[in-house]
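Working notes for the structure below.
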Amino acid sequence: DIDPYEWAHDAIYNLQGIGALDNIQNENFYPLNVITRGQMVHMVLKSFNISYDTSGLFPPTDITPNHKHYKDLIAAINSGLIHPDSEGRIYPDKVATRKDIIFLLGSALGNLGYPLNSYEIEHMERFNDFWQIPQEDIEIVSSFVGDRIISGKAGQVLDLNSNTTRIETVSFIYRTLLTYKINR
């Protein structure tokens, strides 16, 4: 089911080859399906080969040890990649957004000691929703846009709060690995 997405074949095959895509069913990738925060964290941990330290004392309140992505999410918390909210929740089954994947990738790069590439924000002004990006998010979004890891959608928008699809997520991860020359 990936034939129409030839532009993403390298990303899909490479991430599948390193074990980041554990949820391919019936030999289908389902490129336009959304992914959960748990699936997203799993893909990033495997893609960036981040260690699985699951020795945390205070697990999130909204996940149990029998959850499919429990170890992934605990490792991400212990590595500082994600942070529970004030109620101790991480929302493992909530659909991930385009903003979620960018911020997780930024955290993964930081965890591995890679500083984000810096860009002036003027190149982002071409997006019609540029003004909606919170000031505290501009630097990281600018880096991922400048590196061409994330691109706009129809209507010349970044649409960071929309759900991310499997094909987008895999592409963003793969482009990040290539841009920062992270060998797996």
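The values are calculated or read from the model by the stated rules, or taken from the named source; none is laboratory data. As the structure is a computational prediction, the values presented were derived from the model and not from experiment. Ideal geometry is used to build each Cβ from the backbone, glycine not excepted, and the neighbour counts take in all protein chains shown. Protein only, heavy atoms only, side chains kept; ligands, DNA and RNA dropped before computing areas. Shrake-Rupley method; radii C 1.70, N 1.55, O 1.52, S 1.80 Å.
Given the structure, is Glu122 open to solvent by 40 Å² or more (accessible area, probe 1.4 Å), of a type in the set (Asp, Glu) and closer than 13 Å to Pro60 by Cα?
Numbers: open to solvent by 40 Å² or more (accessible area, probe 1.4 Å): yes; of a type in the set (Asp, Glu): yes; closer than 13 Å to Pro60 by Cα: no.
No; evaluated as a whole, the condition is false for this residue.
Identify all residues within the range 59-87 that are part of a helix (DSSP H, G or I) and either open to solvent by 30 Å² or more (accessible area, probe 1.4 Å) or touching a residue at least 24 places away in the same chain (Cβ under 8 Å) (or both); write none if there are none. Steps first, please.
Filtering the range 59-87 for residues part of a helix (DSSP H, G or I) gives 70-78.
Those that are part of a helix (DSSP H, G or I) and either open to solvent by 30 Å² or more (accessible area, probe 1.4 Å) or touching a residue at least 24 places away in the same chain (Cβ under 8 Å) (or both): Tyr70, Lys71, Asp72, Leu73, Ala75, Ala76, Ile77, Asn78.
Every residue, every condition in (1) modelled with pLDDT of 90 or more; (2) among the hydrophobic types (A, V, I, L, M, F, W, C); (3) open to solvent by less than 40 Å² (accessible area, probe 1.4 Å); (4) not in a loop (DSSP other than H, G, I, E, B), yes or no:
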{"position": "Asp10", "(1), (2), (3), (4)": "yes, no, no, yes"}
{"position": "Asn23", "(1), (2), (3), (4)": "no, no, yes, no"}
{"position": "Val41", "(1), (2), (3), (4)": "yes, yes, yes, yes"}
{"position": "Ser47", "(1), (2), (3), (4)": "yes, no, yes, yes"}
{"position": "Ser55", "(1), (2), (3), (4)": "no, no, no, no"}
Looking only at the range 144-180, count every residue that is buried (at least 21 other Cβ atoms within 10 Å of the Cβ) and either over 13 Å from the mean Cα position of the chain (by Cα) or not hydrophobic (A, V, I, L, M, F, W, C) (or both) and tell me the total.
8
